[in-house]
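The structure appears right after this line, and notes come after that.
Nothing in this text is a laboratory measurement; each read-out follows from the coordinates by a stated rule. Quantities reported herein were computed from a predicted structural model and do not represent experimental measurements. Note that we place each Cβ from the backbone using ideal geometry, even for glycine, and neighbour counts take in every protein chain shown.
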Amino acid sequence: MTSSGFKLHRPGTAAAKTATEPEVVELEILDDNAELDLSHDSARIDVEDTLAKLDSELVGLANVKRRVREIAALLLIDRARSQFGLASSRPTMHMSFTGGPGTGKTTVALRMAEMLHALGYIRKPKVHTVTRDDLVGQFIGHTAPKTKEALAKAAGGVLFIDEAYYLFRPENERDYGQEVIEILLTEMESERSSLVVIFAGYADRMDTFFSANPGLSSRVAHHVEFEDYTRDELLEISELMVAKENFAFDAAAKKAFGEYLEIRMQRPRFSNARSVRNAVERCRLRQANRLVELDRPLTKQDLMTLTDADVYGSSMFADQQEETDPA
């Protein structure tokens, strides 16, 4: 049989391979009458493992997980077609992740890189994250080297550009962000076989960003929206966070944390799971202070349990009370 040209990249153990140069496995062309059982495809098994991690790591986000599964299915079928010698254009995997902070965009990017690597789309299951400051130079001739350095670090994997809309500043005619966009346009087309670019940021600003750069928008095939978490989802996230650190809310603390979330979600600079993580850390600080002040021997249960006192100690409740008290 002859090779189909489809390459499945997998970490190798041969002496000639390094940690950054994975083994390349050539898939063979199947006979026209052959049958291909996807359930026995090792790549599909790896993909299912990655999707299971995504389900366990992230609460909710049903539409995001559905879109990731659709992309996985597209590449699995494209791989199967290659094994029968059915030539087709390589699917474009450049993406846009839109949503507020703390909605899981970075986590999904990491799992997407693992999935794309398992399916042979990229050489390395890694994500190189950058912002405007990593790409835009301070003076003439500085931007191109910075941008190309970032692209070199992401080569073979995923370049994740957070708050990508800051690259476009139309109010400043001398801004160097447009130079970054022009370099990205070239690289996204010429390096499609070795690089995936993910643009991330708030939905409204990303819409403006792509509207102002139609050439860039046309190269982004997958737009994935990350919705804000509900209060119940955030409460579930908090329980997962404390359990991961060998803590647990008692019943009263869980109720109190739900009340905390109702207040915090209405305040400025709320960042979904990121704000929950910060709140949990402050609960741990208050628990530590409470336990030290008990001045008695401590049990394992003492050390593991977060109580309602550890939650209600937040200044958020005091501020809420001041707002409701008459002057």
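For region 274-296 versus region 103-182, the inter-centroid distance based on Cα atoms is 37 Å. Checking the Cα-Cα distances for K126/K153; K255/K300; K105/K255; K53/K126 against a 18 Å cut-off, the pairs over it are K255/K300; K105/K255. In µm²/s, what is D for region 202-293 at 10 °C and 1.306 mPa s, where D = kT/(6 pi eta Rh) by Stokes-Einstein and Rh is the Kirkwood radius from Cα pairs? Answer from the Stokes-Einstein relation: 101 µm²/s.
Summing -39500 (n - 2.57) over the DSSP H runs of n ≥ 4 in the chain and dividing by its residue number, what mean residue ellipticity at 222 nm do you reach, to the nearest 500 deg cm²/dmol? Calculated from helices alone, the mean residue ellipticity at 222 nm is -15500 deg cm²/dmol. Report which label in [x] 6, 27, 33, 23, 9, 2, 0; [y] 5, 21, 24, 22, 17, 8, 2, 0, 0; [z] 4, 15, 19, 18, 15, 12, 10, 5, 2, 0, 0 holds the value of P(r) over Cα pairs in 10 Å bins from 0, in percent derived from the coordinates of this structure. Matching the structure shown: [y]. Of the peptides 263-272, 282-291, the order by per-residue mean of other Cβ atoms within 10 Å, starting with the highest, comes out as 282-291, 263-272. Of interest is the spacing of the C-alpha centroids, which for region 36-100 and region 192-228 amounts to 19 Å.
Here region 3-226 is treated with +1 on each Lys and Arg Cβ and -1 on each Asp and Glu Cβ, and its dipole about the Cα centre works out to around 280 debye. Ellipsoid semi-axes for region 132-251, based on the Cα gyration tensor and the rule √(5λ), read 34, 17, 15 Å when sorted largest first.
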